[in-house]
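The values are calculated or read from the model by the stated rules, or taken from the named source; none is laboratory data. All figures in this text were calculated on a predicted structure; none of them were measured in a lab. Counting neighbours? That spans all protein chains shown, and the Cβs are built from the backbone with ideal geometry, glycine included. The protein model used for the area step is the full one, side chains on, heavy atoms only, and it has no ligands, DNA or RNA in it. Shrake-Rupley method; radii C 1.70, N 1.55, O 1.52, S 1.80 Å.
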There are 2 protein chains.
Amino acid sequence: MDQQIIPITANNMRTACSQCNLRELCLAVGLEDDDLHKLDSLVARRKIKRGQPLYRAGDPFNALYAIKIGFFKTDILTEEGLEQVTGFQMAGEILGLDGISNDTHVCNATALEDSEVCVMPYDQLEVLSHEIRSLQREFHKFMSREIVRDQSLMILLGSMRAEERIAAFLINLSQRMKLRGYSSSEFHLRMTREEIGSYLGLKLETVSRAFSRFHDEGLIGVQQKHIRILDGDGLRKLLDHNNC
Amino acid sequence: MDQQIIPITANNMRTACSQCNLRELCLAVGLEDDDLHKLDSLVARRKIKRGQPLYRAGDPFNALYAIKIGFFKTDILTEEGLEQVTGFQMAGEILGLDGISNDTHVCNATALEDSEVCVMPYDQLEVLSHEIRSLQREFHKFMSREIVRDQSLMILLGSMRAEERIAAFLINLSQRMKLRGYSSSEFHLRMTREEIGSYLGLKLETVSRAFSRFHDEGLIGVQQKHIRILDGDGLRKLLDHNNC
DNA sequence: CGTTTTCTTGAGCTGCCTCAACGGCCGTGG
DNA sequence: CCACGGCCGTTGAGGCAGCTCAAGAAAACG
């Protein structure tokens with residue numbers, strides 16, 4: 001492993017939490033300047049090349065990771081050896097929360113493009129969140145939000161049909177892009193059809209067909225991994241309408 | 001609402017955390033006597049009759065609940081008005097973690113039998129977990145465990161066939177019963193076939209048919225809600241075998 | 001430039017859903 | 001005590017959404 005570790009020091013200070021443009025999305029939400037600097041002091045940076053793992057299932061857990069740049073997937077290998085994608089994560093989101101329960105990571109986290117994460121050693125984070133009330137609070141909210149997110153996915157998997165799932169997936173991606181200041185109507189998928197299918201409980205052919213269908217109906221533009229949302233309301237209508 | 005609130009005082013001390021037989025399953029894991037008593041002081045008890053809600057989606061969040069006696073389900077009403085069950089909870093398990101993210105409960109929690117919970121006001125719990133290191137740690141583990149649990153369900157919903165899901169469901173219930181000192185081979189389902197189906201992403205008829213099939217194959221005994229596991233290994237084999 | 005991966009599309013199959021009918025259990029009230 | 005109605009569970013028959021298998025085209029990559 002030749003991954004680069006960059007401690008945060010005076011000469012790369014502009015990459016520290018206190019200067020980070022993702023401050024408001026990340027664990028640092030609402031911290032005072034003083035506290036931000038304390039957080040800075042425990043964060044290191046690490047670059048992950050596309051296709052490389054940030055951690056693997058079974059690895060000892062010792063840090064959480066905030067995505068600074070890039071895009072990740074998390075997945076689990078089932079006993080039968082097939083991969084199930086459990087999530088896609090983008091800048092500002094936290095990876096590794098599943099590891100706390102057993103001091104061991106239960107899933108693999110893999111970069112889907114060249115990425116960079118902020119490494120937050122968990123024992124230090126615990127100490128610091130012990131010191132800083134609003135950090136503790138924010139940390140709890142992050143975990144809770146993860147639980148809520150997983151439950152939405154359970155609803156999707158448990159009660160939606162294929163095209164609804166895919167519409168929901170596109171809308172969700174679009175919203176998260178917007179939140180980060182990117183275009184919400186035009187973006188590049190970092191994952192394959194197969195990974196989308198795995199995430200949504202569908203086969204890759206079904207994903208491909210749904211994209212083609214949406215394309216034919218003028219809802220989206222599709223060119224391989226490049227997606228344009230042409231009729232967001234139309235997509236949203238698919239969710240309410242089909243299932244009543 | 002005529003639900004009974006019982007503060008814990010000297011005269012019902014044997015129901016306090018320090019005396020609770022679920023201590024090792026609950027948030028109180030690993031606390032020293034001193035700390036246990038601190039936890040006692042913030043816990044109140046509340047009884048919930050069968051069919052009654054502990055909380056509803058949209059209710060303001062202000063406490064977590066540890067189940068002392070009984071059995072609950074959590075569910076969400078989708079926009080189209082259909083109920084999706086997100087979990088079944090039994091003694092020692094914690095309800096309400098989803099509420100932390102937005103200070104609002106996102107799901108309904110309903111008693112499936114006459115039950116009793118320990119009410120832990122969240123702001124007080126935060127203060128106390130600030131004081132007691134091992135409580136903070138245990139709390140984080142509980143949240144993380146919830147995330148891991150949700151992810152297993154995602155795998156179940158995303159990649160298993162109907163009979164595998166139901167086998168997994170029965171095995172899971174059986175293990176949790178065992179952990180609580182009940183028989184792992186014979187128990188009473190507190191939920192309907194429809195609720196099981198909703199939880200597993202199946203229709204109630206499919207659940208019923210799978211039970212009948214398992215029954216015919218000698219894997220389980222079924223008499224309405226009374227279940228006997230006759231061949232646990234056979235059930236487990238269904239999981240590995242079918243999907244390879 | 002060749003190799004590999006990814007995507008698309010078609011045709012046929014099947015597991016689960018839908019719709020429907022019936023039987024058992026339980027609480028309520030006569 | 002029995003009669004009744006409402007809920008819950010079981011079972012059957014038929015249909016369809018999404019899976020499987022297959023082949024070919026288009027990108028991506030070294």
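Tabulated data
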{"quantity": "Unit Cα scatterers, Debye sum, chain B: log10 I(q)/I(0) for q = 0.08, 0.14 Å⁻¹", "calculated": "-0.33, -0.98"}
{"quantity": "Relative contact order of segment A:58-124, defined on C-alpha pairs under 8 angstrom at six or more residues apart (%)", "calculated": "49"}
{"quantity": "Copy-to-copy label separations for A:G51, where each label sits 7 Å from Cα toward Cβ, in nm and ascending", "calculated": "6.1"}
{"quantity": "Residue with peak Gaussian network fluctuation, chain B [Cα springs, cutoff 10 Å], from B:I76, B:I94, B:I48", "calculated": "B:I76"}
{"quantity": "Per-residue average of Cβ from other chains inside 10 Å of B:196-202", "calculated": "2"}
{"quantity": "Simple label model, 7 Å out from Cα along Cβ direction - A:N102 to B:D33, nm", "calculated": "3.5"}
{"quantity": "Å² of accessible area per residue within segment A:160-242, as computed with a 1.4 Å probe and no ligands counted", "calculated": "54"}
{"quantity": "With every protein chain in place, chain A: carbon and sulfur % of accessible area (1.4 Å)", "calculated": "47"}
{"quantity": "Full-extension gain in nm, B:T192 to B:E24, via 0.36 nm per residue minus C-alpha separation", "calculated": "57.5 nm"}
{"quantity": "Bins of 20 Å from zero: percent of alpha-carbon pairs in the protein assembly as shown", "calculated": "22, 55, 23, 1"}
{"quantity": "Inter-chain Cβ neighbour average for residues A:156-162, partner chain, 10 Å", "calculated": "6"}
{"quantity": "Inter-centroid distance (Cα atoms) of segment B:13-66 relative to segment B:198-244, Å", "calculated": "34"}
{"quantity": "Across the identical copies, how the A:Q124 labels are spaced - nm, sorted shortest first, 7 Å along Cα→Cβ", "calculated": "3.6"}
{"quantity": "Projected-area average for segment A:160-242 over all orientations - Cα convex hull basis, square nanometres", "calculated": "4.9"}
{"quantity": "For A:99-107, mean number of other protein chain Cβ atoms within 10 Å", "calculated": "4"}
{"quantity": "Amide H contacts of B:L64 (H built 1.01 Å from N, under 5 Å, at least 5 apart or other chain)", "calculated": "B:M120, B:Y122"}
{"quantity": "Segment A:183-244, relative contact order in percent, only Cα pairs under 8 angstrom and at least six apart counted", "calculated": "32"}
{"quantity": "Förster radius 51 Å - calculated FRET efficiency between B:R137 and B:E205, Cβ distance, rounded to 0.05", "calculated": "0.65"}
{"quantity": "Other-copy label distances relative to B:G218, 7 angstrom Cα-Cβ extension, nm", "calculated": "6.4"}
{"quantity": "Chain pair B, A: total accessible area buried, heavy atoms, 1.4 Å probe, Å²", "calculated": "4300"}
{"quantity": "In sequence order, calculated HN-Hα J values of segment A:223-237 (Karplus, 6.51, -1.76, 1.60; Hz; x Gly/Pro)", "calculated": "9, 6, 8, 8, 10, 10, 8, 8, 9, x, 4, x, 4, 4, 4"}
